[in-house]
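Undergrad: This structure is in structure tokens; I'll ask about it shortly.
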Amino acid sequence: MTHIFLYGPSGTGKSTVGQLLAEKLHLPFVDLDRVIETNAGMPIPQIMELQGETAFRDMETATLKESIGHAFSATNSQTKVIALGGGALLRDENRQIAEKNGKVILLTAGLDTLIARLETNDRY
């Protein structure tokens, strides 16, 4: 199976584009950051503050593996559109997983657009 991974800095629209793309292609959508927050029971800034970046990155790797089907469950066996966190591919293991299991699409936006989006974003 070949997944579609969306990657880029915060504010580039990974979640928005991912949802639209998944709908258009009739595929499930996974927002890796939202799954991590749900599993941890707290937002990412709080995870980083209380547990540190290494613990967060470990959660990110585990969630990525689970999302693409490394858990070998029937619910994970189909192709998905997956929005990666802005720093997910900075870890070599995550980059290798994404490159081996699908296509990585980099989303970008102009600085003014990013600033405007991040000023109104309450997620981080």
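The values are calculated or read from the model by the stated rules, or taken from the named source; none is laboratory data. Note that this is a predicted model, so its numbers are computed, not measured. Here Cβ is always computed from backbone atoms with ideal geometry, including for glycine, and neighbour counts include all displayed protein chains. For the accessible areas, the whole protein counts, side chains as well, though only heavy atoms, and no ligand, DNA or RNA atoms are used. Shrake-Rupley method; radii C 1.70, N 1.55, O 1.52, S 1.80 Å.
Undergrad: Looking only at the stretch 88-105, filter to residues that are outside any helix (DSSP H, G or I) and out of contact with any helix residue (DSSP H, G or I) (no Cβ under 8 Å at 6 or more places or on another chain); which one of those is nearest to Ala62 (Cα to Cα)? Lay out the reasoning, then the answer.
TA: Filtering the stretch 88-105 for residues outside any helix (DSSP H, G or I) gives 91, 102-105.
Applying the additional criterion that residues be out of contact with any helix residue (DSSP H, G or I) (no Cβ under 8 Å at 6 or more places or on another chain) yields 103, 105.
Values: Lys103: 19, Ile105: 21 Å.
Taking the candidates together, the pick is Lys103.
Undergrad: May I pose another question? Give the stretch 87-115 a look and list any residue that's out of contact with any Ser or Thr (no Cβ under 9 Å at 6 or more places or on another chain) and aliphatic (A, V, I, L, M), or say none.
TA: Leu89, Leu90, Ala98, Val104, Ile105, Leu111, Ile115
Undergrad: On the basis of being open to solvent by 30 Å² or more (accessible area, probe 1.4 Å), in contact (Cβ under 8 Å) with a residue 40 or more places away in the chain, over 18 Å from Thr16 (Cα atoms) and of a type in the set (S, T, N, Q), does Asn101 make the cut? Spell out the reasoning first.
TA: Details: open to solvent by 30 Å² or more (accessible area, probe 1.4 Å): yes; in contact (Cβ under 8 Å) with a residue 40 or more places away in the chain: yes; over 18 Å from Thr16 (Cα atoms): yes; of a type in the set (S, T, N, Q): yes.
So Asn101 fits the description; yes.
Undergrad: Taking the stretch 76-89, which residues are open to solvent by 30 Å² or more (accessible area, probe 1.4 Å) and under 19 Å from Ser15 (Cα atoms)?
TA: Of the residues in the stretch 76-89, the ones open to solvent by 30 Å² or more (accessible area, probe 1.4 Å) are 77-79, 86.
Those that are open to solvent by 30 Å² or more (accessible area, probe 1.4 Å) and under 19 Å from Ser15 (Cα atoms): Thr79, Gly86.
Undergrad: Which members of the stretch 1-53 meet the condition of being open to solvent by less than 70 Å² (accessible area, probe 1.4 Å), out of contact with any strand residue (DSSP E or B) (no Cβ under 8 Å at 6 or more places or on another chain) and within 18 Å of Thr108 (Cα to Cα)?
TA: Answer for the stretch 1-53, where residues must be open to solvent by less than 70 Å² (accessible area, probe 1.4 Å), out of contact with any strand residue (DSSP E or B) (no Cβ under 8 Å at 6 or more places or on another chain) and within 18 Å of Thr108 (Cα to Cα): Pro9, Ser10, Gly11, Thr12, Gly13.
Undergrad: Are there any pairs with C-beta distances below 8 angstrom linking a residue in the stretch 37-65 that is free of Cβ contacts under 8 Å to residues at least 12 places away in the same chain to a residue that is surrounded by fewer than 15 Cβ atoms within 10 Å (Cβ to Cβ) and part of a helix (DSSP H, G or I), with the two at least 6 apart or on different chains, and if so which?
TA: Met42/Leu50
Undergrad: Name the single residue that is farthest from the chain's Cα centre (by Cα) among those in the stretch 104-123 being closer than 20 Å to Gln19 by Cα and free of Cβ contacts under 8 Å to residues at least 12 places away in the same chain.
TA: Thr120
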